[in-house]
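J.: Pasting a structure below so you can have a look.
Derivation of every value follows stated rules applied to the coordinates shown; laboratory data play no part. Because the structure is predicted, anything quoted here is derived from the model rather than measured. Using ideal geometry, Cβ is built from the backbone for each residue, glycine included, and neighbour counts are taken over all protein chains shown.
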Amino acid sequence: MHNSSQYQSVIQALNACAATCDHCYSACLQEQDVKMMVRCIQLDRDCAEICKLTASALARGSEVARTLLQACADICKACGDECAQHTHMGHCQECAEACRRCEEACRSAV
């Protein structure tokens with residue numbers, strides 16, 4: 001793995017995605033029909049956690065960072081696709097956009 005400074009933009013995208021996913025799942029828990037949001041909440045949580053882990057791995061130059069980048073891109077895609085379906089919820093639309101940006105950043109860094 002290369003030094004972490006070359007991955008600053010990826011780390012920023014990962015951190016932004018994690019924060020947006022954290023906000024989205026918190027907002028989903030406040031929705032009227034929480035049961036309808038279960039998959040979204042679960043993916044938001046998974047995505048936030050993998051983004052945090054991947055950012056940390058990149059920052060320290062971990063030898064498993066490439067593996068995490070690939071997994072993160074796949075989870076960001078799944079989360080973004082799920083959130084994009086909830087067109088009437090602004091927090092889900094913001095999350096879908098953050099996930100798409102993060103997925104793209106992860107794939108370009110692999």
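J.: For the structure I just gave you, tell me whether Thr20 is surrounded by 15 or more Cβ atoms within 10 Å (Cβ to Cβ), outside any loop (DSSP other than H, G, I, E, B) and of a type in the set (Ser, Thr, Tyr).
T.: yes
J.: Return the only residue of Thr54, Thr67 being surrounded by 23 or more Cβ atoms within 10 Å (Cβ to Cβ) and either among the β-branched types (Val, Ile, Thr) or without any contact (Cβ under 8 Å) to a residue 40 or more places away in the chain (or both).
T.: Thr54 is the lone residue from the list that is surrounded by 23 or more Cβ atoms within 10 Å (Cβ to Cβ) and either among the β-branched types (Val, Ile, Thr) or without any contact (Cβ under 8 Å) to a residue 40 or more places away in the chain (or both).
J.: Right, another one. Those residues that are assigned to a helix (DSSP H, G or I) and in contact with a helix residue (DSSP H, G or I) (Cβ under 6 Å, 6 or more places away or on another chain), I need them from the stretch 95-110; list them, please.
T.: Cys95, Ala96, Ala98, Cys99, Arg100, Arg101, Cys102, Glu103, Ala105, Cys106, Arg107, Ala109
J.: Let me ask you something else. Being out of contact with any strand residue (DSSP E or B) (no Cβ under 7 Å at 6 or more places or on another chain), closer than 15 Å to Cys106 by Cα and free of Cβ contacts under 8 Å to residues at least 60 places away in the same chain is true for just one of Cys17, Cys40, Cys79. Which residue is that?
T.: Going through Cys17, Cys40, Cys79 in turn, just one is out of contact with any strand residue (DSSP E or B) (no Cβ under 7 Å at 6 or more places or on another chain), closer than 15 Å to Cys106 by Cα and free of Cβ contacts under 8 Å to residues at least 60 places away in the same chain: Cys79.
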